[in-house]
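This is the structure, below, for whatever I ask next.
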Amino acid sequence: MAKKALVGINTTIMDGQVLDVVSIGATFEVHTDLTWVDCSDTVKAYWQYDGSSFTDPDELTDEQKADVASVQYKSDRKTGIGTTAGYGQITDQLDKLYHDINAGKFGADAKTGEWFVGITSVKTAFPKP
C-alpha cells in the first residue's frame, strides 16, 4: 500500500527531510514550506528526499550523515528542544550558582561546583554536531 511523506521544501532547516509518513487519505493541510509526496511503505520519518527519490539515512555517507545531524541540530535549536532539554529551571540553576560562589568555588574549583557539574552533564548528553 502506498503512502504519503511530508517533506520540508525550500527551507534552510529541513529541506528534503521527511517529517512524517501517513496513509493516503490521512494527509492534512500544511504550510507552504512543506509538501506531501507519494512514497512506498518503506519510507520513514527522517529519510531524505531529493526531489525524485528517498534515501534511508542509514545508507548515507559519513559526510551526508553529518549534514543531516547539522540540520536536525538547527531544527531542534529553532524549536526549543535543543535549547532546553536536560536543563533545570533557571531559578534552580541560579540557586546552585549562588551556593557555589558563596562556598568560594572560583577558578579551577568552580569546575567542581553543583552548577558547573550539572550544566556539563547536559552539554555532554546533548553535544553539538
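Laboratory data are not the source of any read-out in this text; all were calculated from the coordinates shown. Keep in mind that what you see is a predicted model, and the values were worked out from it rather than measured. Quick reminder, even Gly has a Cβ in these numbers, built from the backbone with ideal geometry, and neighbours come from all protein chains shown.
When only Cα pairs under 8 Å and 6 or more residues apart are kept, what is the percent relative contact order across the chain?
This gives 19 percent for the chain.
Of Lys96/Lys123; Lys3/Lys74; Lys3/Lys44, which ones are farther than 22 Å apart at the Cα?
As for pairs spanning more than 22 Å Cα to Cα, those are Lys3/Lys74.
Given the rule -39500 (n - 2.57) for each run of at least 4 DSSP H residues, summed and divided by the residues of the chain, what is its mean residue ellipticity at 222 nm, to the nearest 500 deg cm²/dmol?
Result for the chain, helices only: -11000 deg cm²/dmol.
Let me know the whole percent of all Cα-Cα pairs from the chain that are separated by more than 18 Å.
The proportion of pairs with Cα distances above 18 Å equals 65 percent.
Collect residues whose amide H, placed 1.01 Å from N in the peptide plane, falls under 5 Å from the amide H of Asp33; neighbours closer than 5 in sequence don't count.
Residues meeting the criterion, in which the H sits 1.01 Å from N, do not exist here.
Further, regarding this structure: Which of Lys74, Lys96, Lys44 moves the most in a Gaussian network model of the chain with Cα springs under 10 Å?
Looking only at Lys74, Lys96, Lys44, the biggest GNM fluctuation is shown by Lys96.
I would also like to ask the following. Mind jotting down a quarter of the surface of the convex hull over the alpha carbons of the stretch 86-125, in square nanometres, one decimal?
For the stretch 86-125, the mean projected area of the Cα convex hull comes to 2.6 nm².
Once you've got the GNM for the chain with C-alpha springs shorter than 10 Å, pick whichever of Val18, Val37, Val68 has the biggest mean-square fluctuation.
Top of the fluctuation ranking is Val37.
Run the simple label-point estimate for Asp41 and Ala26 please: 7 Å along Cα→C-beta, distance reported in nm.
1.3 nm
Using Cα pairs closer than 8 Å and at least 6 residues apart in sequence, work out the relative contact order for the stretch 1-42, in percent.
54 percent.
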